[in-house]
1. Within the range 47-59, is there a residue that is outside any helix (DSSP H, G or I), within 19 Å of the chain's Cα centre (by Cα) and over 25 Å from residue 109 (Cα atoms)?
2. Answer with yes or no whether residue 119 is surrounded by 12 or more Cβ atoms within 10 Å (Cβ to Cβ) and in contact (Cβ under 8 Å) with a residue 40 or more places away in the chain.
3. So the check is Cβ under 6 Å with 6+ separation or different chains; which pairs have a first residue in the range 13-30 that's under 21 Å from residue 134 (Cα atoms) and a second one that's surrounded by 12 or more Cβ atoms within 10 Å (Cβ to Cβ)?
4. Scan the range 88-104 residue by residue and report those that are without any contact (Cβ under 8 Å) to a residue 40 or more places away in the chain and assigned to a helix (DSSP H, G or I).
5. Return the residue satisfying two criteria in turn: it lies in the range 76-87 and is in a loop (DSSP other than H, G, I, E, B) and surrounded by 11 or more Cβ atoms within 10 Å (Cβ to Cβ), and of such residues it is modelled with the lowest pLDDT.
6. Of these, 130, 137, which one is surrounded by 11 or more Cβ atoms within 10 Å (Cβ to Cβ) and in contact (Cβ under 8 Å) with a residue 60 or more places away in the chain?
7. If we scan the range 5-21, do we find a residue that is surrounded by 11 or more Cβ atoms within 10 Å (Cβ to Cβ) and in contact with a strand residue (DSSP E or B) (Cβ under 7 Å, 6 or more places away or on another chain)?
8. Scan the range 98-107 residue by residue and report those that are closer than 22 Å to residue 20 by Cβ, out of contact with any helix residue (DSSP H, G or I) (no Cβ under 8 Å at 6 or more places or on another chain) and surrounded by 11 or more Cβ atoms within 10 Å (Cβ to Cβ).
């Protein structure tokens with residue numbers, strides 16, 4: 001078995017964390033009574049504080065229609081509110097409701113406490129090293145995700161805009 005500090009071992013640990021996140025998201029969706037995409041929307045809003053519908057759509061790779069439906073479901077669940085955009089009167093901002101913050105926060109709290117406790121056991125120097133490494137990993141992951149999104153968009157088949165004769169006859 002390779003040493004726990006090899007690049008491969010570190011990558012394997014990050015993969016385990018990523019897979020655990022996916023399971024966590026699935027369980028959160030069931031407990032909150034929403035879909036996994038809706039949990040992702042909640043997570044993006046929690047991270048950003050507020051997003052426009054277009055910004056959220058871009059993060060989730062949804063169409064405007066898909067985003068509208070998702071937001072309607074989240075609003076009916078009492079998890080998202082729309083408010084006027086302070087700088088753009090044509091737009092709105094999406095925010096989590098206090099209920100969403102409470103419900104999701106209560107479900108995340110045990111993991112947050114455990115991570116904080118584990119980080120607290122590290123020396124200041126070790127925390128600085130871990131923080132630097134995870135910062136680089138986050139940037140690399142975001143960059144790679146952006147690259148894959150661009151590749152997927154470029155590879156998306158274009159649907160020809162040719163009228164169907166039977167519809168116009």
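The values are calculated or read from the model by the stated rules, or taken from the named source; none is laboratory data. Quick caveat, the model's predicted, so the values are computed rather than measured. Here the Cβ positions follow ideal geometry from the backbone for every residue, glycine too, while neighbour counts run over all protein chains shown.
1. Here is the first cut: in the range 47-59, the residues outside any helix (DSSP H, G or I) are 49-52.
After this cut, where a residue has to be within 19 Å of the chain's Cα centre (by Cα) as well, the list is 49-52.
Imposing the further condition that a residue be over 25 Å from residue 109 (Cα atoms) reduces the set to 52.
So far as the range 47-59 goes, yes, one or more of its residues are outside any helix (DSSP H, G or I), within 19 Å of the chain's Cα centre (by Cα) and over 25 Å from residue 109 (Cα atoms).
2. Working: surrounded by 12 or more Cβ atoms within 10 Å (Cβ to Cβ): yes; in contact (Cβ under 8 Å) with a residue 40 or more places away in the chain: no.
Taking the combined requirement at face value, the residue does not satisfy it.
3. From the range 13-30, the pairs are 25/36; 25/39.
4. Step one: list which residues in the range 88-104 are without any contact (Cβ under 8 Å) to a residue 40 or more places away in the chain, which gives 88-91, 97-99, 102.
Once the filter is applied, which keeps residues that are without any contact (Cβ under 8 Å) to a residue 40 or more places away in the chain and assigned to a helix (DSSP H, G or I), the range 88-104 yields 98, 99, 102.
5. If we filter the range 76-87 for residues that are in a loop (DSSP other than H, G, I, E, B), which is where we start, we get 77-79, 85-87.
In the following step, the residues that additionally are surrounded by 11 or more Cβ atoms within 10 Å (Cβ to Cβ) were identified as 77-79, 85.
Details: 77: 94, 78: 95, 79: 97, 85: 91.
Restricting to residues being in a loop (DSSP other than H, G, I, E, B) and surrounded by 11 or more Cβ atoms within 10 Å (Cβ to Cβ), the top hit is 85.
6. Values: 130 fails: in contact (Cβ under 8 Å) with a residue 60 or more places away in the chain.
Only one candidate passes the filter, namely 137.
7. No, the range 5-21 contains no residue that is surrounded by 11 or more Cβ atoms within 10 Å (Cβ to Cβ) and in contact with a strand residue (DSSP E or B) (Cβ under 7 Å, 6 or more places away or on another chain).
8. Quick first cut of the range 98-107, residues closer than 22 Å to residue 20 by Cβ only: 103-107.
Among the residues that remain, those that are also out of contact with any helix residue (DSSP H, G or I) (no Cβ under 8 Å at 6 or more places or on another chain) are: 105-106.
105, the sole residue that qualifies.
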